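Have a look at the structure below before the remarks.
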Amino acid sequence: MAVPISQMWTVATYVLKKRFSGNKRYPLVLMLEPLFRCNLACAGCGKVQYPPHVLKRMLTPEECFSAVEECGAPMVSIPGGEPLLHPQIVEIVNGLIARKKYIYLCTNALELKRRLPEFTPSKYLTFSVHLDGDREHHDFSVCREGGYDLAVEGIKDAVKRGFRVTTNATFFDGTDPNNVRGFFDDVMAMGVEGIVLSPGYSYEMAPDQQRFLGRARVRRLFRTILSNRKKTWKFNMSPLFLEFLMGDRKYECTPWGSPAYNIFGWQRPCYLLQDGYAETFQELLETTKWEEYGVASGNPKCANCMVSCGYEPSAVIDGFGSLRGIWGMIRGTFSTYKDEHALRLLNEPAPHGPATLVQIEHGARSLEETNA
């Protein structure tokens, strides 16, 4: 099992307490961005396109701790930017460990090997290394030759030192399912605890807008990748979320499940969209017009989103919310999802042409959507 029992128990009891108290909107993971600055400029990323004066700004450790305590989520994801560029990141991590928060420090690992000696292994700390496929695919994705080799070197060193390590992959249009499955074999051989994955989200600021998948293609791609899976593959994610990506489950987005806090404040409505900021977490919950977001709302910005920060909280709440959900997670954890049709798809070229889509018009823009 890729997720430790202690972490699962913490999340399960947290969800059940919220459920029994009648609280319908609560966070599961705080997306804590201490800075936007990065040492990569990936074509599909919208975080590093800010002007220099913004990229120089950083949250202080005290601001990070205040946000964590205000939010109360049991888990904290630290994306960016590149968190290891923050000069006080060790102090931030140690402060969160002292608060018994489960931390996923998201890193491209270019600085990981150099900075590892500053950290202490803990069940509360996981290095989530951005690795988007094999060497050729990853280096193309992050727009840097040699990025894969540096990341793998950092992963192996972290595993050797006794740290929890996962890989975090984002997949875009044109992804070859066979390469991805071979990539799963490679990363599990590195000794990582598990794999985290998600389809890419169409950041408005991203330089390359042609690589993002519509929902029909997401389902086709992930059904092909995740069906007929090997027992050696471990995923550090809810199995129900993976079934959602495969098209076996339907969920609405839970944007408050992964609230985002950064140098501007509490981001509305989520980590991916920037529709203003709130000064406090309570203000974010009470004043955000949540009904205007998610696929059901008709908001074109949400039309193609199936990203983990919005939909994995939905899957986790479903999983721990009933005996049926718990059984679904147990079954999903050990199932190989045999699927003859998906097996045949592995022998077909990766789709580049249009899938069966419904077009959602928004002014001059046309966005992909499907009910398939």
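The values are calculated or read from the model by the stated rules, or taken from the named source; none is laboratory data. If you're wondering where the values come from, they're calculated on a predicted model, not measured in any experiment. No Cβ is skipped: glycine too gets one built from the backbone with ideal geometry, and neighbour counts run over all protein chains shown. Ligands, DNA and RNA are excluded from the accessible area calculation, which covers all protein heavy atoms including side chains. Shrake-Rupley method; radii C 1.70, N 1.55, O 1.52, S 1.80 Å.
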The summed charge of the LEU28 Cβ neighbourhood (under 10 Å; Lys/Arg +1, Asp/Glu -1) stands at 0
Using every Cα-Cα pair within the chain, state what percent have a distance larger than 35 Å. 18
Lysines whose Cα lies under 30 Å from that of LYS17, excluding same-chain neighbours fewer than 8 positions away: LYS100, LYS101, LYS123, LYS234, LYS250, LYS289
Net dipole in debye of region 181-333 [+1 Lys, Arg Cβ; -1 Asp, Glu Cβ; about Cα centre; nearest 20]: 980
With +1 on the Cβ of every Lys and Arg and -1 on the Cβ of every Asp and Glu, the dipole magnitude of the chain about its Cα centre, in debye rounded to the nearest 20, is 1100
Accessible area per residue, Å², the chain with all protein chains present, probe 1.4 Å: 44
Per the 1.4 Å probe, what fraction of the accessible area of the chain, in percent, lies on carbon and sulfur atoms? 53
Give me the aspartates and glutamates in straight-line cross-link reach of LYS156: C-alpha distance below 16 Å, same-chain residues under 8 apart excluded. GLU111, ASP134, ASP185, ASP186, GLU193
Taking region 103-229, the whole-percent share of alpha-carbon pairs separated by over 23 angstrom is 33
Area projected by the alpha carbon convex hull of region 69-158, averaged over all directions, nm²: 6.1
Selection from LEU245, TRP290, SER227 lying farthest towards where the dipole of region 155-298 points positive, charges on Cβ: SER227
Within-11-Å neighbourhood charge of GLU91 [Cβ basis; K, R +1; D, E -1]: -2
Net +/- balance of residues flanking ASN347 in space, Cβ distance below 13 Å, scoring K and R +1, D and E -1: -1
With point charges of +1 on the Cβ of Lys and Arg and -1 on the Cβ of Asp and Glu, referenced to the Cα centre of the chain, which listed residue (TYR14, MET188, CYS143) lies farthest in the positive direction of the dipole? TYR14
Sorting ALA98, VAL152, ILE330 by the position of each Cα along the dipole of the chain (Lys, Arg +1; Asp, Glu -1; all at Cβ), the one nearest the positive end of that ordering is ILE330
Using amide H atoms built 1.01 Å from N in the peptide plane, name the residues 5+ places from GLY276, or on other chains, whose amide H lies under 5 Å from its own. ARG268
Expressed as a whole number of Å, what is the distance separating the alpha-carbon centroids of region 51-122 and region 151-167? 17
For LYS301, the aspartates and glutamates lying under 12 Å Cα to Cα, once residues fewer than eight places off in the same chain are dropped, come out as GLU204, ASP275, GLU292, GLU361, GLU368, GLU369
Distant-in-sequence amide H partners of ASP339 (H built 1.01 Å from N, under 5 Å): ASN228
Can you compute the helix-only [θ] at 222 nm over the chain? Use -39500 (n - 2.57) per DSSP H run of at least 4 residues, normalise by all residues, nearest 500 deg cm²/dmol. -11000 deg cm²/dmol
